[in-house]
Structure formats: C-alpha cells, structure tokens
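The values are calculated or read from the model by the stated rules, or taken from the named source; none is laboratory data. Keep in mind the model is a prediction, meaning the values are calculated, not measured. Neighbour counts are summed over all protein chains in view; Cβ atoms, including those assigned to glycine, are modelled from backbone coordinates with ideal geometry.
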Amino acid sequence: MLEINLKQLEAFVTTAEFSSFTKAAEALYLTQSTVSAHINAMEQVMGVRLIQRGSRRRVQLTIEGKQAYDMAKEILNRCQSLQSLGSTIEQCQLSVGASSVPSQYLVPELMSGFLSKNPDSRYMLQRGDSERIHQLLKQGDVRIGFVGAANDRENYNYHVVTGDRLVLITPNTDRYRKLKYSGTSGRMLLQEPIILREVSSGTRKAMEAYLLRLGVPVRSLNLVAQIDNTEAIKSSVSRGMGVSVVSELTVREELESGKLLSFDLDSGGLFRSIYLAWRKDITLTSVEKKFVDYVMSQSEKV
C-alpha cells in the first residue's frame with residue numbers, strides 16, 4: 001500500500017522550487033503548517049530528512065532531498081500529462097443529439113465527412129424526437145442538436161441544414177396505384193385511416209401546422225395509430241393498416257423497390273426544415289465550431 005500521496009509530493013516540490021514554506025503555501029492555497037505537515041509525513045515514510053531546517057529563511061534540500069525532488073517532479077509531471085490527456089479527449093469530443101429523420105438519414109453522412117477531415121475527433125450521438133433533443137440540449141447532455149422544429153428561438157441558435165419534403169405514403173395496391181395515376185393528391189387522402197407520429201416529433205408538428213392552414217382539426221382525422229418510430233410506421237403502412245405522412249428521405253428505398261407509394265400533399269409539395277441547434281448561453285469549443293462550420297458548408301450539398 002502506498003503511503004506517499006500526491007498532496008505530499010506537491011507540497012515538497014513546490015517548497016523546494018520556491019525555497020520557502022510561506023511562498024509554497026501561498027501557491028498551493030494552503031496554510032504553512034499544512035505544507036510542513038505534508039513534508040514531515042513524507043519524510044517519516046521515507047525515513048530520511050528531505051529539507052534542512054534551521055534559522056535561515058531560505059529552504060535548502062538535503063542530498064536525499066535533491067534525489068527525491070527529481071523523482072517527485074517526474075511523478076507530478078506524469079500525473080499532469082495524464083490529467084491533460086482527459087482534457088484533450090474532452091476537447092475533441094462532440095456530443096450530438098438528433099431527432100429521428102436526421103439521425104438516420106443525415107447525421108451519419110455529415111459525421112463521416114467531418115471525421116475524415118478531423119480524425120482526432122470523436123462523437124457521441126443520442127436520438128429522440130425534436131422535443132427530446134431540445135430537453136437534452138437544455139440539460140447539457142448534448143451540446144449540438146439536429147431537429148425538425150425550431151421550438152425556442154429565444155434560447156437557441158437555429159441554422160437550416162436542409163429542406164425536407166413531407167409526403168403521404170400508402171401501400172402499393174391496385175386502388176392506390178389507380179389514384180396516383182389519376183393525379184390524386186395526398187391532401188385528398190387525408191380522410192383515409194391514418195397513422196401519425198407522436199405529438200412531440202418535428203414531423204407531427206409540421207403536419208399539424210399544415211392541417212391548421214387547411215382548417216382541418218387533427219381530431220377530425222380517422223386516426224388508427226400513433227407510432228414513435230418511422231420504421232414501424234412504414235411497416236404498418238405497407239401491411240395496409242393505413243396511410244401516413246413522413247419525410248421523403250425516410251422512404252426512398254421503399255419507393256424505389258415498389259413497396260410503398262407516395263403522394264405530394266399539394267401541387268407545390270409540403271416542406272419543413274432540418275435545423276442545426278445549440279444553446280445561446282454556451283460557448284462552443286474549437287472542435288464544435290469546426291463541426292458547425294463544416295455542417296453549414298455542406299448544407300447546400302445536402
């Protein structure tokens with residue numbers, strides 16, 4: 001069991017470097033008696049005198065003290081390097097939160113590109129709906145978020161990363177193929193049995209805003225299910241449970257394979273924005289600034 005601790009080593013090294021108990025105590029924010037006690041304890045463990053004590057004011061090391069100083073200084077330097085390593089890792093860490101659509105279809109590509117240019121960086125990703133990501137940002141559990149709704153412009157910075165088209169999806173059946181061929185819009189299919197995202201999702205909020213513009217209450221819809229997972233929604237629609245409004249980004253493969261059909265809600269389409277967000281009251285680290293700059297530089301390409 002080690003009987004010498006870092007506090008004792010720090011007191012000894014600082015006293016040796018200042019050649020003064022008083023100045024060492026001031027530098028360490030300790031009392032002079034505490035510094036002296038740390039060094040006495042170290043001397044007792046080692047069984048040798050490290051500092052010559054006398055009437056002279058300047059502290060002098062004994063021969064053993066000079067040898068101990070070199071070793072103690074090396075130990076403290078290594079501990080400092082170890083501590084700095086943790087700080088370096090933290091400075092290179094990106095803590096990111098992303099709502100459902102960007103976490104699956106946007107963030108992986110952006111992070112891959114950023115990490116290829118900044119190989120020392122690391123990131124942690126937490127997922128949830130837009131409201132959940134705002135909560136994580138508020139709590140400080142994530143520092144940067146990708147969200148589908150700008151819920152609080154007073155307290156957060158929002159920058160548009162990309163536009164996201166919302167479409168109404170249906171199973172690929174004869175009936176819906178005929179409706180699509182005849183030019184039926186998604187708006188005309190809103191009275192079909194419908195599956196919606198959870199209330200706090202960005203997609204749901206965009207859908208509700210659209211219905212509000214139409215003067216259609218949500219309660220008037222033939223709601224058969226409310227599901228908080230896009231993959232589950234797509235699977236339910238393909239099995240004929242109902243239709244749903246989702247991000248076009250999420251159904252590209254299903255549309256290409258013919259598993260699902262999509263309808264624009266209106267002739268001009270329904271769009272929402274995907275935002276990059278962070279709190280106004282925090283200062284971004286250097287790597288976070290690099291990431292924000294990178295995402296914004298890629299926004300047009302996205």
Within region 127-146, of all residues that are assigned to a strand (DSSP E or B) and within 19 Å of Asp293 (Cβ to Cβ), the one farthest from the chain's Cα centre (by Cα) is Phe146
**Asked** So is Val224 in contact (Cβ under 8 Å) with a residue 24 or more places away in the chain, under 30 Å from Met296 (Cβ atoms) and either in the same structural domain as Gln104 (by TED's automatic domain parsing) or aromatic (Phe, Trp, Tyr) (or both) or not?
**Response** no
Filtering region 162-179 down to residues that are closer than 21 Å to Leu214 by Cβ and not in a strand (DSSP E or B) yields Leu179
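The rows are residues; the columns are (1) in a helix (DSSP H, G or I); (2) over 30 Å from Ser112 (Cα atoms).
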{"site": "Gln191", "(1), (2)": "no, yes"}
{"site": "Ala209", "(1), (2)": "yes, yes"}
{"site": "Arg213", "(1), (2)": "yes, yes"}
{"site": "Glu254", "(1), (2)": "yes, no"}
{"site": "Asp266", "(1), (2)": "no, yes"}
{"site": "Asp293", "(1), (2)": "yes, no"}
Scanning region 234-254 for residues that are over 19 Å from Leu106 (Cα atoms) and among the small types (Gly, Ala, Ser), the one surrounded by the most Cβ atoms within 10 Å (Cβ to Cβ) turns out to be Ser244
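Okay, residues lined up against (1) over 18 Å from Gly242 (Cβ atoms); (2) touching a residue at least 24 places away in the same chain (Cβ under 8 Å); (3) touching a strand residue (DSSP E or B) at 6+ places or on another chain (Cβ under 6 Å):
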| residue | (1), (2), (3) |
| --- | --- |
| Gln139 | yes, no, no |
| Val147 | yes, yes, yes |
| Asn157 | yes, yes, yes |
| Thr170 | no, yes, yes |
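Conditions (1) in contact with a helix residue (DSSP H, G or I) (Cβ under 6 Å, 6 or more places away or on another chain); (2) modelled with pLDDT under 90; (3) buried (at least 19 other Cβ atoms within 10 Å of the Cβ), marked per residue:
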position	(1), (2), (3)
Ile133	no, no, yes
Val147	yes, no, yes
Gly163	no, yes, no
Arg177	no, no, no
Tyr181	no, no, no
Ala225	no, no, no
With the first residue restricted to region 107-132 and required to be in the same structural domain as Lys205 (by TED's automatic domain parsing), and the second required to be basic (Lys, Arg) and not in a helix (DSSP H, G or I), Cβ contacts under 8 Å at 6 or more apart or on different chains are Asp129/Arg197
Listed by first then second residue, the pairs whose first member lies in region 227-245 and is in contact (Cβ under 8 Å) with a residue 12 or more places away in the chain, whose partner is surrounded by fewer than 17 Cβ atoms within 10 Å (Cβ to Cβ) and part of a strand (DSSP E or B), with beta carbons under 8 Å and at least 6 positions apart or on separate chains, are Ser236/Ala225; Met241/Val224; Met241/Ala225; Gly242/Val224; Gly242/Ala225
Next on the checklist: Going residue by residue through region 158-173, is there one that turns out to be touching a Pro at 6+ places or on another chain (Cβ under 8 Å) and either in the same structural domain as Ser267 (by TED's automatic domain parsing) or among the charged types (D, E, K, R) (or both)?
Outcome noted: yes
